[in-house]
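Colleague: Let me begin by handing over the structure; questions about it come next.
The values are calculated or read from the model by the stated rules, or taken from the named source; none is laboratory data. Small disclaimer: the values here were computed from a predicted structure and weren't measured. No Cβ is skipped: glycine too gets one built from the backbone with ideal geometry, and neighbour counts run over all protein chains shown.
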Amino acid sequence: MNVIRNYLYNAVYQLLLVLLPLVSITYVSRVLTNTGVGINAYTNSIISYFVLFGNIGINLYGNRQIAYLRENKYKMSKAFWEISILRCVAVALSFIAFFIYLPFSKHSTFMLFQSLNLLAVALDISWFYMGIEDFKKTVTRNTLVKLVSLAAIFIFVKNKSDIGIYIIILGLGTFLGNLTLWPFLKELIMKVPIRKLRPFSHLRPSLALFIPQAAISVYAVLNKTMLGDITNTVNSGYYNNSDTLIKTVLAVATATGTVMLPHVASAFARGENERINRMLYDSFDFISFLTVAMMFGLAAISINFAPLFFGKGFEPVGKAMLLESPVILLIGWSNAIGNQFLLPTNRTKEYTTSVIVGAVVNIVLNFPLIYLWGLSGAVIATVISELCVTGYQMWVIRKIVSYRELFLNLWKYLIAGIVMFIPVFKMNNTVRTSAFSIALEVLLGAAIYIVMILILRPTILEKAKTILRDRKKN
């Protein structure tokens with residue numbers, strides 16, 4: 001039950017991270033127009049590279065390391081201070097590189113505003129709370145800060161010249177959100193003499209996880225950068241809006257990865273291999289159940305939803321969403337295998353190789369596809385690269401797990417998703433689009449999917465009944 005509670009907390013947190021910007025972007029898209037949204041997307045993609053260097057793999061490494069050591073308060077505290085110091089050093093070096101780059105930037109003022117996101121990295125200790133499986137504090141403290149940021153956007157961003165104010169508000173929100181997590185530390189960790197700290201002992205293992213994170217960031221951010229350089233920053237904004245919507249629905253599924261990583265790492269430390277495989281089967285099935293519905297549902301309403309949601313001038317986002325929707329399923333699967341199996345069981349090399357494969361494929365395909373088809377080309381490159389990541393991870397675990405167990409119910413979810421997609425897509429393209437019609441389409445799609453699941457009866461229904469019975473007993 002603790003895992004389920006933590007999943008719900010982290011699902012809320014991850015959804016919050018993308019949902020509040022999504023709420024604000026409906027307003028911002030109309031105020032800043034596609035030009036302003038494009039500038040923010042492009043400059044944010046640039047600062048992301050410096051943020052990545054400042055992180056140096058610590059979010060994943062720190063989460064796993066704290067999970068390994070949480071039974072020993074002294075060792076856990078020592079690791080926390082060492083990892084925190086290492087991150088501050090990395091952020092300082094990243095700032096030096098940033099100021100060397102700044103004079104060559106085409107949007108230097110906006111880039112300076114974006115650097116608030118880099119400063120916020122030094123204060124980010126969410127990995128610690130995830131390692132001890134305390135997700136409640138992360139969610140509750142950040143919720144307030146994010147809501148204040150949202151209110152500030154509505155109050156201070158009034159016209160298209162306020163793009164700088166918008167960037168500052170987003171950066172300050174991240175900075176303050178990270179800062180609010182520090183006061184609770186005095187109850188959880190102890191002081192460790194400075195002379196006993198060895199921060200650079202964590203450099204090599206964190207760099208091992210930095211490489212896959214760098215590769216992930218390359219094909220998550222590079223599309224926006226290359227669209228801005230090869231075509232124009234407006235296309236960067238279109239891609240960003242499509243990707244934001246995709247990541248919003250995906251956050252509900254990928255929240256299991258952050259929750260399960262310390263849980264599986266703890267089981268791995270105890271040598272419970274059979275239990276680890278069973279957790280993967282259950283998690284993979286749950287993710288398939290969610291992501292198939294999300295993939296077909298979002299694809300069905302995408303064409304007319306995007307211009308309604310973002311406003312006039314954002315019609316290309318609808319087609320981009322339709323093309324990008326398969327990544328919901330693919331990222332859901334790779335998150336289950338990578339974050340919930342390969343990383344916590346110390347198969348870092350295999351995980352790293354998978355995302356490097358995806359990054360290389362993305363880079364190679366981006367040049368010709370963006371030149372040929374612009375925005376659509378960037379989206380197609382993203383889908384193919386995610387397919388390669390998932391495919392490689394599937395191949396890596398072929399002798400460790402049972403494919404039959406992994407995909408036991410997939411055909412039922414796919415049938416339910418296709419049956420849902422057809423009437424909703426037809427309705428979206430024939431009925432006059434409005435907020436009311438979109439709401440009806442979503443409700444219709446959810447109802448059809450649920451009915452089909454009840455008819456096809458995948459094993460997830462029995463597991464859900466068991467969980468509910470156990471909850472009542474407790």
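Colleague: Only one residue in A97, A90 is more than 20 Å from the chain's Cα centre (by Cα) and surrounded by 20 or more Cβ atoms within 10 Å (Cβ to Cβ), so which one is that?
Modeller: A90
Colleague: Go through the range 339-421 and tell me which helices (runs of 4 or more DSSP H), entirely inside it, have 1 or more residues that are within 25 Å of L207 (Cα to Cα).
Modeller: Numbers: elements: 348-373, 375-396, 403-406.
Helices (runs of 4 or more DSSP H) meeting the threshold: 348-373, 375-396.
Colleague: Could you say whether any residue in the range 367-379 is surrounded by 13 or more Cβ atoms within 10 Å (Cβ to Cβ), aliphatic (A, V, I, L, M) and out of contact with any Lys or Arg (no Cβ under 9 Å at 6 or more places or on another chain)? I'd like the intermediate steps shown before the answer.
Modeller: Step one: list which residues in the range 367-379 are surrounded by 13 or more Cβ atoms within 10 Å (Cβ to Cβ), which gives 367, 369-370, 373-379.
In the following step, the residues that additionally are aliphatic (A, V, I, L, M) were identified as 369-370, 375, 378-379.
Add one more test, that the residue is out of contact with any Lys or Arg (no Cβ under 9 Å at 6 or more places or on another chain), and what stays is 369-370.
Looking through the range 367-379, at least one residue is surrounded by 13 or more Cβ atoms within 10 Å (Cβ to Cβ), aliphatic (A, V, I, L, M) and out of contact with any Lys or Arg (no Cβ under 9 Å at 6 or more places or on another chain).
Conditions tested, residue by residue: (1) crowded, with 19+ Cβ neighbours inside 10 Å; (2) in contact (Cβ under 8 Å) with a residue 40 or more places away in the chain; (3) closer than 25 Å to A92 by Cβ.
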| position | (1), (2), (3) |
| --- | --- |
| L118 | yes, yes, yes |
| D124 | yes, yes, yes |
| T140 | no, no, no |
| L144 | no, no, no |
| Y166 | yes, yes, no |
| L176 | no, no, yes |
| T180 | no, no, yes |
| L185 | no, yes, yes |
| L188 | no, yes, no |
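Colleague: Sticking with this one: Out of the range 127-138, which residues are assigned to a helix (DSSP H, G or I) and either buried (at least 18 other Cβ atoms within 10 Å of the Cβ) or aromatic (F, W, Y) (or both)? Spell out how you get there, then give the answer.
Modeller: Start the filter on the range 127-138 by keeping residues that are assigned to a helix (DSSP H, G or I), which leaves 127-131, 135-138.
The answer is W127, F128, Y129, M130, G131, F135, T138.
Colleague: Given the criteria in contact (Cβ under 8 Å) with a residue 60 or more places away in the chain, farther than 30 Å from I384 by Cα and of a type in the set (F, W, Y), does F200 qualify? Before you say what the answer is, go through the steps one by one.
Modeller: Working: in contact (Cβ under 8 Å) with a residue 60 or more places away in the chain: yes; farther than 30 Å from I384 by Cα: yes; of a type in the set (F, W, Y): yes.
When the stated conditions are applied, F200 passes them.
Colleague: Now a separate question. Out of I400, I415, I448, which single residue is touching a residue at least 24 places away in the same chain (Cβ under 8 Å) and touching a helix residue (DSSP H, G or I) at 6+ places or on another chain (Cβ under 6 Å)?
Modeller: Just one listed residue meets the conditions, I448.
Colleague: For the range 47-58, state whether one or more residues are surrounded by fewer than 24 Cβ atoms within 10 Å (Cβ to Cβ), within 19 Å of P344 (Cβ to Cβ) and aromatic (F, W, Y).
Modeller: Scanning the range 47-58, I find no residue that is surrounded by fewer than 24 Cβ atoms within 10 Å (Cβ to Cβ), within 19 Å of P344 (Cβ to Cβ) and aromatic (F, W, Y), so the answer is no.
Colleague: Give the residue, chosen from N277, N304, that is more than 22 Å from M427 (Cβ to Cβ) and either modelled with pLDDT of 90 or more or not aromatic (F, W, Y) (or both).
Modeller: Numbers: N304 fails: more than 22 Å from M427 (Cβ to Cβ).
Only one candidate qualifies: N277.
Colleague: Among residues belonging to the range 145-172 that are of a type in the set (K, R) and assigned to a helix (DSSP H, G or I), point out the one that is modelled with the highest pLDDT.
Modeller: Of everything passing the filter in the range 145-172, K160 is modelled with the highest pLDDT.
Colleague: Return the total of residues in the range 155-212 being in contact with a Phe, Trp or Tyr (Cβ under 9 Å, 6 or more places away or on another chain) and farther than 25 Å from L116 by Cα.
Modeller: Summing the residues that are in contact with a Phe, Trp or Tyr (Cβ under 9 Å, 6 or more places away or on another chain) and farther than 25 Å from L116 by Cα in the range 155-212 gives 10.
Colleague: Shifting gears a bit: Would it be correct to say that N235 is over 20 Å from the mean Cα position of the chain (by Cα) and assigned to a helix (DSSP H, G or I)?
Modeller: Details: over 20 Å from the mean Cα position of the chain (by Cα): yes; assigned to a helix (DSSP H, G or I): yes.
For N235, the condition - over 20 Å from the mean Cα position of the chain (by Cα) and assigned to a helix (DSSP H, G or I) - is met.
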